[in-house]
1. Name the one entry in 17, 30, 26 that is touching a strand residue (DSSP E or B) at 6+ places or on another chain (Cβ under 6 Å) and at pLDDT 95 or above.
2. Find the residue count for segment 126-139, including only residues that are farther than 19 Å from residue 285 by Cα and crowded, with 24+ Cβ neighbours inside 10 Å.
3. If you go through segment 154-180 one residue at a time, how many are free of Cβ contacts under 8 Å to residues at least 40 places away in the same chain and within 15 Å of the chain's Cα centre (by Cα)?
4. Are there any strands (runs of 3 or more DSSP E) wholly within segment 58-153 with 2 or more residues that are farther than 26 Å from residue 6 by Cα, in contact with a helix residue (DSSP H, G or I) (Cβ under 6 Å, 6 or more places away or on another chain) and in contact (Cβ under 8 Å) with a residue 24 or more places away in the chain, and if so which?
5. Out of 61, 88, I need the residue that is at pLDDT below 95 and either in contact with a strand residue (DSSP E or B) (Cβ under 8 Å, 6 or more places away or on another chain) or more than 18 Å from residue 111 (Cβ to Cβ) (or both). Which one?
6. So, in segment 289-332, how many residues would count as being free of Cβ contacts under 8 Å to residues at least 60 places away in the same chain, touching a strand residue (DSSP E or B) at 6+ places or on another chain (Cβ under 9 Å) and under 18 Å from residue 187 (Cβ atoms)?
7. Taking segment 204-220 on its own, how many of its residues are crowded, with 17+ Cβ neighbours inside 10 Å and free of Cβ contacts under 8 Å to residues at least 24 places away in the same chain?
8. Just checking, which of 142, 110 is crowded, with 17+ Cβ neighbours inside 10 Å, under 15 Å from the mean Cα position of the chain (by Cα) and closer than 20 Å to residue 33 by Cα?
C-alpha cells in the first residue's frame, strides 16, 4: 500500500527561519483515542521557534532529543476528518480547535504545521461557532496559559518548575499588572483579569495603548517612557508574560502578600528578595486541555475574550512568519492559513 502524502512544514536541522521547508510528508492516521483534523489554520507560539532552534535557551540537560525531519507547531483549528473507533463525542465534519500534545510533544511530536494532524481526543474542543478558524487557531496555547496561571491550572500534575503546585489568586477587587500585555499571552491575561473583576495595569510600548484600552485595560504604562518598577507600587499580582532574568524587577511593585507569576521563569534570581518582601513567586507549565478549551469557547463566542491577530501567512510561507516573530513587538498572534 502506497503512503498517502500531505503538505507540511518541516526542518531537517536546527537553525533560523531558513531551515523551515514546505514539502511533502506522510499523512498521519489516528491511533486509538485520537481524531484526525484537516487543518485550516495554525497559531504560532514561542515553543515553535524554541524547537526550531534546538532549545538553546534551555540548560543542556533539559533539551529534548528531536528526531528529524520534525514538524513544529501545537495550535490548530480545523475540521475532523476521521475518528478512532474508541472516540466518542466527535465526528467527521466537526469544526474543532486544540493545543496538540503539550508539553508532551516538546520534541516535535505535536506536528501542527501541516495539512493534517492527529490529536488526542482529550485535547480537542468544538471550535467557537462565531469566530473563524484563523482566530480560533490564535487562542489555544496563549489563552490556556493565561487561564491556567490566573484562574485554574486544570490538572493535578506535579509542577516541573517548582516544588509546590501553582495556585492562582482570587482576582476580584485586586490590582493586576500585566507585563508584555500586547503579546499572545498578555492580551488574554488583560481580558481574563478584567473578566474576573480586577483593576488592570498594562505594560507595553505606546503603540499598543489603544488596543489594550479597548480590551479593558484601566491604566497603561509605556515602558519606553517610564519603567514600571520605578513608577508603580502597591500591586496585588504581576503576571510577567516576558519573564526571564529581568522578572525580579517587578518585586518592588508588589505589596506585602502579593504575588509575581513569571510565565518564563528561567533565570529568576530574586527568591531571597521575594521572601524578604513577603511576595509569593509562582509559575507553572501550560498543559493541553480540551475541557478548558470547551469552557473558554463561550467567552470567545460572545466576544468577552477576543483574539487579536498580528499578521497572517500561508502555511507555505511559515519561514516569513518566523521572521516576523523574530522582529518582536507582536500585537496578539501570528497565524498560518492552510488551503
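The values are calculated or read from the model by the stated rules, or taken from the named source; none is laboratory data. If you're wondering where the values come from, they're calculated on a predicted model, not measured in any experiment. For neighbour counting, all protein chains shown are included, and Cβ atoms are generated from backbone atoms with ideal geometry for every residue, glycine included.
1. 30
2. Selection size over segment 126-139: 4.
3. So the answer is 0.
4. On the way: elements: 75-83, 95-99, 116-120, 124-126.
Output list is empty.
5. 61
6. So the count comes out to 3.
7. Selection size over segment 204-220: 2.
8. Just one listed residue meets the conditions, 110.
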